[in-house]
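Since the structure comes first, as structure tokens, the remarks are kept for the end.
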Amino acid sequence: MKKIVSYLTLLVFVTMTLIACTQEDSQKNVQKETVQDGKIVSVEDTNNNYLSAVDVDYAYNFTKSLEEFKTNEKLGYRTAGSEAELKTGEKIAEEMKKIGLTEVTKDEFTVDTWEFEKADLTFIDENGKEHLAVLGGYQVNFDTNGVKDLEIVYAGKGTAADLAELDIQGKLVLIDINQREEWWINYPAYQAHVKGAAGVIAVQEAGYGEIDPDALNAQDICGPDDAPAFSMSQTDGNSLKKALEASENGTLTVKFDAKSTVKFNGKAYNHYGKIIGKDPESYIILSAHYDSYFSGFQDDNAAIALMMGVAKGLVDSGYQPEKTIIFNALAAEEWGVSNSRYDWSTGAYNQIFNVHPEWVGKAFANMNFELPAYEHTTQDEIRSVYELNNYLTKFAKTVPTVEGVYKDGISVVSPLRTWSDDFSFAIAGVPALRNDFQDSDFMRSHYHSQFDNEDTYNKNALEFHLNLYGLLSMYYDKTAVVPLDFTTRLNALKEDVNPEIFGQANISSDKLIAEIDKTIEIANEVNTKVTDINEDYILALTAGDEKLSKKLYDESRELNSGLLAAFKYAEDQFVRLTWEDEPIFPHMHAQNNIENLALSIDALNQGDIAAPLDEYLYAIDNNWYAYDFDKEVFTYFTDYVLKAPKEKLMWGAGRIVDHENLFDTIKSLQEKRDNPNADVSAELATLTDALERQKELLKTAVADEETSVHELGNMLSKLK
């Protein structure tokens with residue numbers, strides 16, 4: 001790897017940032033040293049030792065080695081609870097021991113397992129030639145028991161209207177899909193299922209797999225195991241469509257050889273190893289998942305290798321931490337529970353909620369890794385919980401550059417999103433962050449396709465992240481008190497109050513804003529106290545004064561525990577989800593619905609039926625799906641959120657605020673859309689009732705937020 005010899009140690013810069021200019025000369029001249037293995041070692045040497053020891057080639061080679069075990073011989077796949085996943089987990093655990101991690105542990109948890117062995121479809125194309133299409137899979141039960149003849153028909157988008165005039169009983173249904181801009185695979189798959197289809201074969205027309213017409217795509221199914229679905233490339237799909245067009249009645253008989261097996265209540269395993277610090281009960285947790293679709297080079301082999309590369313770099317450099325650093329390889333991230341909207345991040349959820357809930361309150365941070373060997377944007381992003389934003393922004397300014405990547409530096413963005421394991425850690429009460437990837441073009445092009453392979457490898461990007469997260473681990477390690485700044489979340493809450501909508505509901509925002517401002521003042525006082533302690537602690541560490549550093553550390557445990565308790569309280573009280581899995585503050589659910597209901601009512605009163613349908617009603621809860629699918633389908637995927645047991649909902653449990661069912665109203669307005677003289681009094685009455693319910697819901701949400709902000713202020717006041 002390229003060595004960074006001109007680097008003026010991270011912690012020197014950090015110390016310069018943290019130490020006030022008014023310090024006395026004796027403090028200014030403190031030697032930048034720390035104690036390692038009983039010896040005084042300069043902080044500059046400690047950090048440069050890591051930068052010299054960390055090995056990007058090791059990380060790359062380990063990335064490649066994780067492709068060894070696969071579920072599907074043609075495509076790869078390393079799926080939840082599969083033999084391939086189990087063997088890969090054991091491989092990672094052995095490597096943890098090999099590189100010098102201690103107390104390597106295997107944690108068992110319950111998971112729905114999936115083995116996807118094959119899906120080969122053969123048909124006669126328009127030129128009379130035999131054409132083999134190798135299909136991707138979703139987490140369903142489907143077994144042809146060898147080659148089976150099945151009829152196939154083309155059904156457009158697979159909506160209720162597309163299927164209305166088709167005979168699909170016992171047949172395969174070929175559809176086009178855009179899972180990014182339209183709907184997830186579970187909707188057309190279940191729509192075809194209730195109409196008696198044998199299964200759906202989906203061609204990604206856009207949104208995912210855009211890198212190449214031969215791209216397949218895989219995602220979590222978010223649906224039941226008995227509504228089968230498979231993925232086909234555009235190349236194969238276009239050939240099959242032409243053959244169907246050339247057929248006499250729009251159907252073909254194809255030969256299908258497929259086996260996809262879901263089993264319930266199986267077992268999967270998370271693995272972790274440690275570098276044990278002076279405090280064995282205070283943790284810094286690094287994590288990545290080791291299940292994958294296809295070969296999974298970026299997602300998430302390279303992330304496992306990043307985590308292991310940091311671990312090896314720290315061990316090889318001789319670094320002896322103050323806190324215990326845990327390196328956690330997580331199973332079943334892509335999928336792990338059948339028939340749930342929240343069917344991903346299963347391993348992480350189980351690890352922190354069920355297997356090791358005692359980590360909560362002891363963990364300073366979770367650093368979770370995803371797709372790290374690719375330059376997603378010219379500015380590297382760290383996505384974190386609100387409370388870490390300011391701390392990480394200061395740290396980011398000190399990270400050494402690597403030539404050829406991230407010319408625009410690093411930005412820190414908040415809040416976390418639900419697409420990766422860090423979200424589960426955060427809502428459990430562990431302040432979390434990840435290297436962000438979600439706004440990258442990679443998501444549209446390579447993500448979850450067979451083109452996520454070593455051709456995407458960017459050595460400089462992986463080296464940059466090895467440097468960044470190794471240094472960040474040591475930066476955290478030299479912090480006595482978890483650096484949680486609650487002002488960021490509170491300011492975001494204040495900014496997301498819409499006074500106009502509050503006014504429509506006859507709600508004053510004054511009390512809520514006043515409580516927020518009061519709590520911000522308290523939080524700032526706590527911030528000052530935390531900063532002072534952390535400054536004194538780092539000075540003691542850099543001076544090699546073990547007695548003073550231990551005293552400062554021991555005396556700040558109550559403050560540290562109180563901050564982590566306040567963080568968990570904030571996550572419990574202020575993190576809710578939209579029906580599209582976006583994190584929101586609780587009042588925002590009703591606030592959004594009031595706005596769109598009021599605009600719909602105004603438009604209908606003016607004789608405009610199109611505007612509510614085209615601009616407003618689809619934005620209310622999950623009513624977008626009422627436009628194109630039968631009531632049975634809409635109701636099924638509503639109820640499995642509202643009525644499912646907690647073990648099915650996992651990290652989504654209790655996060656949905658409410659639901660307005662506008663299915664019948666939307667269908668009725670669709671029928672009347674082209675009739676300017678249509679009577680819409682019934683629809684107006686329904687929407688008006690819904691508006692009043694949402695206004696009451698907003699009142700309740702705001703009152704609850706006032707109480708929660710006040711209680712958060714009380715918790716922080718005790719820490720001043």
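The values are calculated or read from the model by the stated rules, or taken from the named source; none is laboratory data. These figures come from a predicted structure and were not determined experimentally. Here the Cβ is made from the backbone with ideal geometry for all residues, glycine too, and neighbour counts use every protein chain on show. Calculation scope for accessible area: heavy atoms of the full protein, side chains included, ligands and nucleic acids excluded. Shrake-Rupley method; radii C 1.70, N 1.55, O 1.52, S 1.80 Å.
Quick notes
- Positive-end residue, the range 467-614 charge dipole about Cα centroid, Cβ charges, pick of I584, L539, L563: L539
- A dipole drawn for the range 282-353 from +1 and -1 charges on Cβ atoms has a positive end, and of S282, A311, W344 the residue lying farthest that way is S282.
- 3J(HN,Hα) from dihedral phi, the range 258-264, Karplus parametrisation 6.51/-1.76/1.60, rounded to Hz, x for glycine, proline: 9, 8, 9, 10, 9, 10, 9
- More than 48 angstrom apart: percent of Cα pairs within the chain: 22
- A Förster radius of 41 Å, combined with the Cβ-Cβ distance separating D214 from E248, puts the computed FRET efficiency at roughly 0.90.
- Under the criterion of Cα pairs below 8 Å and six or more residues apart, the relative contact order for the range 439-576 equals 30 percent.
- Computed over the range 237-396: relative contact order in percent, which uses C-alpha pairs under 8 Å that are six or more apart: 28
- Ordering of 463-469, 613-619, 349-355 by packing [mean C-beta count within 10 Å, highest first]: 463-469, 349-355, 613-619
- 0 to 90° range, to nearest 10: angle between helix 631-642 axis and the chain longest Cα axis: 20
- Computed over protein heavy atoms with a 1.4 Å probe, the carbon and sulfur contribution to the accessible area of the range 637-720 reaches 47%.
- Less than 5 angstrom separates the built amide H of S282 from those of T324, all sequence-distant by 5 or more or on a different chain.
- Ordering of 190-198, 423-431 by burial proxy (mean other Cβ atoms within 10 Å per residue, highest first): 423-431, 190-198
- The string of couplings for the range 124-133 from the Karplus curve (6.51, -1.76, 1.60, θ = phi - 60°) is 8, 7, 5, 9, x, 9, 6, 10, 9, 10 Hz, one whole number per residue in order, with x for Gly and Pro.
- Modelled label positions at D57 and K699, each set 7 Å beyond Cα in the direction of Cβ, lie 7.1 nm from each other.
- Surface composition of the range 409-471: carbon and sulfur make up 42 percent of the accessible area, probe 1.4 Å.
- Accessible area per residue, Å², the chain with all protein chains present, probe 1.4 Å: 37
- Amide N of the range 608-644 lying under 17 Å from the label point, which is placed 7 angstrom from the Cα of K667 along Cα→Cβ: 618, 622-639
- Pairs over the 22 Å Cα-Cα cut-off, from the set K91/K278; K263/K648; K74/K97; K478/K551; K148/K631; K118/K242: K91/K278; K74/K97; K148/K631; K118/K242.
- With respect to the chain, whose longest principal axis is taken over its alpha-carbon atoms, helix 234-246 is tilted by about 0°.
- Secondary structure note: in the chain, about 60% of the DSSP beta bridges are antiparallel.
- Extension gain, N675 to E44, is 219.6 nm, computed as 0.36 nm per intervening residue step minus the present C-alpha separation.
- The stretch between K98 and K397, if pulled fully straight at 0.36 nm per residue, gains 104.2 nm over its current Cα-Cα span.
- Positive-end ranking of A480, T665, H465 along the dipole of the chain, with charges on Cβ about the Cα centre, is headed by A480.
- Using only side-chain charges placed at the Cβ, +1 for Lys and Arg and -1 for Asp and Glu, the dipole size of the chain relative to its Cα centre rounds to 2040 debye.
- Peptides 71-77, 143-149, ordered by how many other C-beta atoms sit within 10 Å of their residues on average, highest first, read 71-77, 143-149.
- Length-normalised contact order of the chain in % [C-alpha pairs under 8 Å, at least 6 apart]: 15
- Maximal additional length on extending the E500-K718 stretch stands at 74.9 nm, based on 0.36 nm per residue less the C-alpha distance.
- The range 440-460 and the range 231-305: distance between their alpha carbon centers, rounded to Å: 14
- Overall, the accessible surface of the range 83-142 at a probe of 1.4 angstrom is composed of carbon and sulfur to the extent of 43 percent.
- Helix axis angle, 459-477 relative to the chain longest principal axis, alpha carbon, degrees: 50
- Summed over qualifying helices (DSSP H, 4 residues or more, each -39500 (n - 2.57)) and divided by its residue number, the chain shows a 222 nm mean residue ellipticity of -12500 deg cm²/dmol.
- Inter-site label distance for K148 and A685 at 7 Å from Cα along Cβ, in nm: 4.9
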